[in-house]
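Participant: Below you will find the structure I want to go over with you.
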Amino acid sequence: PESEELDALYDRFLVRRSVRQVTAAGVAQMLTYYSNADGVDPEALAATTSAGGSAMADVPAELRLTREDIKRCKAEALGRVRVPPAVIQMITDLRTYLQEKIEPPVYVSDRRLVKAIQLLQVAAYCNGRDTVTEYDALLLQHVLWQRPEQADRVADWVVSQLSVDDGLKQVQYLLSGLFSRACRSLGNPEKVAELQGEVTQLRDVLMEKYMQVAHNLEGGFPVVLDNLWLGEEESQAIATALQPKLTKTRGAVETILHDVATLEVALSNGSDPVTLANLMPRHWADFIRNSDINDVRPIGTTPLGGRRP
């Protein structure tokens, strides 16, 4: 659009799909059909090209999707489907990226952003879920662009975010903190018991994350391939792009989960600092390097091998 009036009108078209031209083989088939060259019943042909079409007439009344059905679906989706803060932040970051990080900038109005969130709620509802996930944001490649060539920029950004798990960095910091507290708490049964509970909770969170990633990798990405709102070719391409990235994420989760399980067992067995140092040398080195000397001196800077200096 080249005027403000047309821009405002264009902004109200929420879903935007760029339709490619019919292939050479498809053109021949289409022209053959509509020229009635194969002897198609003229009345049936006229019905398929008129408003409504004969296809609708062949569908039983109880299976037809009416305007009221669509309105009711949207109302139920907006009332029942939750949008987590992580998804809200992801969409906020996407608008910032489109408006500030690419040339030419892609303007996304507040109204359009609200409608996009509602679309994701409807998509989640139609897929039988009560929560929007980051994977639903893949639909935004058909919403948040002004020119067709910008759709790929949106899709690439969303895929990159799906494979980046900043939460793992936070878990690493949390694990380092738990390890440091464990070193200071050895010999204090009450503090060790408290730590055991926190380590167990962290292990449960990581197990859930691991199962989620493994389910997608080993189950053929059902969260993408079974999404009713993604085309087959489109979802296959997304799954292919995500596989190597999620494989890397699974490896990172495995490493952290191993360390958490090691700390959990060490606390359960009442291990001493020497054992902790040998079981988790990298965390021990971080503890020695980053702790106050007054916290380290009572424990000792135990080297690998178990001997105190």
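The values are calculated or read from the model by the stated rules, or taken from the named source; none is laboratory data. Just so we're clear, the structure is a prediction, and the values are computed from it rather than from any experiment. Quick reminder, even Gly has a Cβ in these numbers, built from the backbone with ideal geometry, and neighbours come from all protein chains shown.
Participant: Right, Val164: outside any helix (DSSP H, G or I) and either in contact with a His (Cβ under 7 Å, 6 or more places away or on another chain) or modelled with pLDDT under 90 (or both) or not?
Facilitator: It is true that Val164 is outside any helix (DSSP H, G or I) and either in contact with a His (Cβ under 7 Å, 6 or more places away or on another chain) or modelled with pLDDT under 90 (or both).
Participant: Checking the condition crowded, with 16+ Cβ neighbours inside 10 Å, more than 26 Å from Glu208 (Cα to Cα), out of contact with any Asp or Glu (no Cβ under 6 Å at 6 or more places or on another chain) and in contact (Cβ under 8 Å) with a residue 12 or more places away in the chain, which residue from Val260, Val223, Val253, Val274 passes?
Facilitator: One residue alone meets the criteria, Val274.
Participant: Just the residues that are out of contact with any Leu (no Cβ under 6 Å at 6 or more places or on another chain) and among the β-branched types (Val, Ile, Thr), please, taken from the stretch 206-237.
Facilitator: Val223, Val224, listed by residue number.
Participant: Take the conditions surrounded by fewer than 17 Cβ atoms within 10 Å (Cβ to Cβ), under 17 Å from the mean Cα position of the chain (by Cα) and in the same structural domain as Phe287 (by TED's automatic domain parsing) and apply them to Glu198. Does it pass?
Facilitator: For Glu198, the condition - surrounded by fewer than 17 Cβ atoms within 10 Å (Cβ to Cβ), under 17 Å from the mean Cα position of the chain (by Cα) and in the same structural domain as Phe287 (by TED's automatic domain parsing) - is not met.
Participant: Leu120 fails exactly one of the following numbered conditions: (1) more than 19 Å from Phe13 (Cβ to Cβ); (2) modelled with pLDDT of 95 or more. What is the number of that condition?
Facilitator: Leu120 satisfies all of (1) more than 19 Å from Phe13 (Cβ to Cβ); (2) modelled with pLDDT of 95 or more except (1).
Participant: Something else: State whether the residues of the stretch 101-110 include one that is modelled with pLDDT under 95, surrounded by 21 or more Cβ atoms within 10 Å (Cβ to Cβ) and over 22 Å from Ala241 (Cβ atoms).
Facilitator: Within the stretch 101-110 (the criterion being modelled with pLDDT under 95, surrounded by 21 or more Cβ atoms within 10 Å (Cβ to Cβ) and over 22 Å from Ala241 (Cβ atoms)), the answer is yes, since at least one residue qualifies.
Participant: Every residue in the stretch 2-26 that is in contact with a helix residue (DSSP H, G or I) (Cβ under 9 Å, 6 or more places away or on another chain) and either of a type in the set (A, V, I, L, M, F, W, C) or in the same structural domain as Glu234 (by TED's automatic domain parsing) (or both), please.
Facilitator: Leu14, Val15, Val22 - these are the residues of the stretch 2-26 that are in contact with a helix residue (DSSP H, G or I) (Cβ under 9 Å, 6 or more places away or on another chain) and either of a type in the set (A, V, I, L, M, F, W, C) or in the same structural domain as Glu234 (by TED's automatic domain parsing) (or both).
Participant: Using the structure shown, decide if Arg95 is outside any loop (DSSP other than H, G, I, E, B) and at pLDDT 95 or above.
Facilitator: yes
Participant: Looking at the stretch 65-73, is at least one residue at pLDDT below 90 and outside any helix (DSSP H, G or I)?
Facilitator: yes
Participant: Among the candidates Ser180, Ser185, Ser176, which residue alone is in contact with a Phe, Trp or Tyr (Cβ under 7 Å, 6 or more places away or on another chain) and over 24 Å from Val87 (Cα atoms)?
Facilitator: Ser180
Here's the yes/no breakdown for (1) among the hydroxyl-bearing types (Ser, Thr, Tyr); (2) in contact with a helix residue (DSSP H, G or I) (Cβ under 9 Å, 6 or more places away or on another chain); (3) not assigned by TED's automatic domain parsing to the domain that holds Ser235:
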{"residue": "Tyr107", "(1), (2), (3)": "yes, yes, yes"}
{"residue": "Ala116", "(1), (2), (3)": "no, yes, yes"}
{"residue": "Cys126", "(1), (2), (3)": "no, yes, yes"}
{"residue": "Glu149", "(1), (2), (3)": "no, no, yes"}
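Participant: For residues that are of a type in the set (Gly, Ala, Ser) and within 30 Å of Gly167 (Cβ to Cβ), scanning just the stretch 57-88, find the one that is surrounded by the fewest Cβ atoms within 10 Å (Cβ to Cβ).
Facilitator: Only one residue fits best here, namely Gly79.
Participant: Could I ask something else about it? Residues of the stretch 98-121 being charged (D, E, K, R) and assigned to a helix (DSSP H, G or I), which ones?
Facilitator: Result: Glu100, Asp110, Arg111, Arg112, Lys115.
Participant: Also, I was wondering about something else. Kindly list, by first and then second residue, each pair from a residue in the stretch 285-299 that is at pLDDT 70 or above to a residue that is hydroxyl-bearing (Ser, Thr, Tyr) and not in a helix (DSSP H, G or I), limited to pairs with Cβ atoms under 8 Å and residues at least 6 apart or on different chains.
Facilitator: Ile288/Thr301
Participant: Quick check on my filter: what residues within the stretch 13-40 are modelled with pLDDT under 75 and exposed (fewer than 10 other Cβ atoms within 10 Å of the Cβ)?
Facilitator: Passing the criteria: Ala37, Asp38, Gly39.
Participant: Run down Ala151, Ala137 and say which single residue is closer than 20 Å to Leu78 by Cα and buried (at least 18 other Cβ atoms within 10 Å of the Cβ).
Facilitator: Exactly one residue qualifies, and that residue is Ala137.
Participant: Which of (1) part of a helix (DSSP H, G or I); (2) surrounded by 13 or more Cβ atoms within 10 Å (Cβ to Cβ); (3) modelled with pLDDT of 85 or more is the odd one out, the single condition Asn216 does not satisfy?
Facilitator: That leaves (3) as the condition not met.
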